[in-house]
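Student: Can you keep this structure in mind? I'll have questions shortly.
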Amino acid sequence: MKLSEKALGIKPSSTLSITEKAGVLRGEGKDVISFSVGEPDFDTPDHIKKAAIDAINEGFTKYTPAAGTVELRKAVAKKLKEDNGLDYDYTQIVISNGAKHSLVNALMAIVNPGDEVIIPAPFWLSYAEMVRIAGGTPVIAYTKAENNFELSREILESAYTDKTKAVIVTTPSNPTGMVLTEKCLREIADFAVEKDIIVIADEIYEKLIYSKDKKHISIASFGKEIYERTITVNGVSKSYAMTGWRIGYTASSKQIAKLMASMQSHMTSNPNSIAQMAALAAIEGPQDCVEDMREKFEERRDYIYDRVAKMPYLKTLKPEGAFYLFVDFSGTYGKKYNDTVLESAAQIGALLLDEELIAVVPCADFGMPDYIRFSYATSNENIKKGMDRLEDFISKLK
Ligand code: PLP
């Protein structure tokens, strides 16, 4: 039987498959330390859980409007005004099943067959597959480590064609942890307006910034023209340790919001009613839980960066946000681990898992085949143990 060519062309998520493999080894009784998953190890704060329990007890267990409850959309609009200086009416907000779903909605609402979407590399691996799911073509625009992975007009120009429909901008970044500067964001905004393309701004890590001289800036806040052509994506997964609740959202023009809500009404209907009540408590409730987690991540960032920066052969930049350390392993190529000559990050990732029992994410699918991503969203104890094992691996290289 001839199945969907589009579906056959989609690669499964390599981060999820590493997590699965680590799970299998753990099931065999092996003490695997995982640096692979991109989710906070903290528990969802109690007041958020309570809001969900109350929702169940009060019978808030039925369909809601497909785009989410008016109350939650209003709360998101208020948050965007207060935190990001963005003016949205609640009808411009669409609540979805996680930011992943919001991103797919956004792409499905704007992409026609043959349209190109620029994805600056290194990039979160799902973007390329999401563009394909929407029927478009991902075009990768490579940034450089020596420029802190900053995107520039020149790099955008090199990827731009008359088929370009949109560019995806992620700050803070998964996998690099870099936070784009205002200058860079203004350059991207000017480019988008001039070329009449849409910006999908993924701001899911906005609350997790550590460098004192960096702050989160929403690209849509630069003026009417860029506001009109930006789809801002955010959610509660990373800031409030709510990955399993599956609530994300978009803020966009009314026209695009209507398209997304309409597609969603046929595909998934509303996001889970109980999780929407939890997200409302997260967004409207006390924010000190976010700062507590941010502080803990900052401590871990400092520790893991210091450890890796001291190891021979490895190169890395100090992450400014999110919870990933992005490490260049090309300095180890040609060295031997036992009898194996090292030649790629993918091979090194497999060795680290099988021989040293640390699960990491080799970044070929993120557009950077010499790099490995370490998520430090795990306990201080695990990070220390994992870094001891990495150091051990490096010390065995000949
Ligand atoms: N955007 C980026 C850059 C991410 O790293 C992730 C999750 O890893 C998401 C979006 C998806 O978030 P959610 O869990 O809300 O779907």
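Student: How do the pairs read when you match residues in segment 94-105 that are under 12 Å from N234 (Cβ atoms) and among the small types (G, A, S) with residues anywhere that are within 9 Å of the ligand (Cβ to nearest atom) and in a helix (DSSP H, G or I), using Cβ under 6 Å and keeping only pairs 6 or more apart or on different chains?
Tutor: Close Cβ pairs satisfying both conditions: S96/S102.
Student: A follow-up question, please. Taking I140 as the residue in question, decide whether it is surrounded by 24 or more Cβ atoms within 10 Å (Cβ to Cβ), more than 14 Å from the ligand (Cβ to nearest atom) and more than 30 Å from I274 (Cβ to Cβ).
Tutor: no
Student: Continuing with the same structure: Taking D202 as meeting all but one of (1) of a type in the set (D, E, K, R); (2) under 22 Å from S13 (Cβ atoms); (3) away from the ligand (no atom under 16 Å from the Cβ), write down the number of the exception.
Tutor: (3)
Student: List the number of the failed condition for T176; all other conditions in (1) farther than 19 Å from D365 by Cα; (2) in contact with a Pro (Cβ under 6 Å, 6 or more places away or on another chain) hold.
Tutor: Result: T176 passes all but (1).
Student: I've got another one for you. State which residue is nearest to the chain's Cα centre (by Cα) when the search covers only segment 242-269 and only residues that are within 11 Å of the ligand (Cβ to nearest atom) and small (G, A, S).
Tutor: G248
Student: Here's another thing I want to ask about it. Which one is nearest to the ligand (Cβ to nearest atom) among residues in segment 19-37 that are in a helix (DSSP H, G or I) and open to solvent by 50 Å² or more (accessible area, probe 1.4 Å)?
Tutor: E20
Student: Which condition breaks for P40 when tested against (1) free of Cβ contacts under 8 Å to residues at least 40 places away in the same chain; (2) assigned to a loop (DSSP other than H, G, I, E, B)?
Tutor: (1)
Student: Could you please give the count of residues in segment 50-101 that are open to solvent by 40 Å² or more (accessible area, probe 1.4 Å) and part of a helix (DSSP H, G or I)?
Tutor: Residues that pass the stated criteria total 15.
Student: Moving on to the next point. Only one of E157, E150 is open to solvent by 10 Å² or more (accessible area, probe 1.4 Å) and either in contact with a Cys (Cβ under 8 Å, 6 or more places away or on another chain) or assigned to a strand (DSSP E or B) (or both); which?
Tutor: E150
Student: I would also like to ask the following. If W245 meets every condition in (1) open to solvent by 40 Å² or more (accessible area, probe 1.4 Å); (2) over 23 Å from A377 (Cβ atoms); (3) not hydroxyl-bearing (S, T, Y) apart from one, which number is that one?
Tutor: Unmet condition: (2).
Student: Condition first: without any contact (Cβ under 8 Å) to a residue 40 or more places away in the chain and under 21 Å from S96 (Cβ atoms). Can you find one or more residues in segment 271-281 that meet it?
Tutor: If we filter segment 271-281 for residues that are without any contact (Cβ under 8 Å) to a residue 40 or more places away in the chain, which is where we start, we get none.
No; the residues of segment 271-281 include none that is without any contact (Cβ under 8 Å) to a residue 40 or more places away in the chain and under 21 Å from S96 (Cβ atoms).
Student: Of a type outside the set (F, W, Y), more than 14 Å from the ligand (Cβ to nearest atom) and in contact (Cβ under 8 Å) with a residue 60 or more places away in the chain: does that describe A220?
Tutor: yes
Student: Further question: Run down I231, I188 and say which single residue is within 16 Å of the ligand (Cβ to nearest atom) and touching a strand residue (DSSP E or B) at 6+ places or on another chain (Cβ under 8 Å).
Tutor: I231
Student: Name the residue that is farthest from the ligand (Cβ to nearest atom), counting only residues in segment 1-18 that are assigned to a loop (DSSP other than H, G, I, E, B) and either among the hydroxyl-bearing types (S, T, Y) or in contact (Cβ under 8 Å) with a residue 40 or more places away in the chain (or both).
Tutor: S4
Student: For segment 202-234, name all the residues that are in a strand (DSSP E or B) and more than 16 Å from T181 (Cβ to Cβ).
Tutor: Of the residues in segment 202-234, the ones in a strand (DSSP E or B) are 202, 209, 230-234.
D202, T230, I231, T232, V233, N234 - these are the residues of segment 202-234 that are in a strand (DSSP E or B) and more than 16 Å from T181 (Cβ to Cβ).
Student: If we scan segment 103-119, do we find a residue that is over 18 Å from Q255 (Cα atoms), within 14 Å of the ligand (Cβ to nearest atom) and buried (at least 20 other Cβ atoms within 10 Å of the Cβ)?
Tutor: Taking every residue of segment 103-119 in turn, at least one turns out to be over 18 Å from Q255 (Cα atoms), within 14 Å of the ligand (Cβ to nearest atom) and buried (at least 20 other Cβ atoms within 10 Å of the Cβ).
Student: Are any of the residues in segment 55-72 within 16 Å of the ligand (Cβ to nearest atom), among the aromatic types (F, W, Y) and farther than 19 Å from S218 by Cβ?
Tutor: Within segment 55-72, not a single residue is within 16 Å of the ligand (Cβ to nearest atom), among the aromatic types (F, W, Y) and farther than 19 Å from S218 by Cβ.
The values are calculated or read from the model by the stated rules, or taken from the named source; none is laboratory data. Remember, it's a predicted structure, so these values are computed and weren't measured experimentally. Cβ: placed from backbone, ideal geometry, glycine included. Neighbour counts: every protein chain shown. Just so you know, the surface numbers come from the protein's heavy atoms only, side chains and all, with ligands and any DNA or RNA stripped out. Shrake-Rupley method; radii C 1.70, N 1.55, O 1.52, S 1.80 Å.
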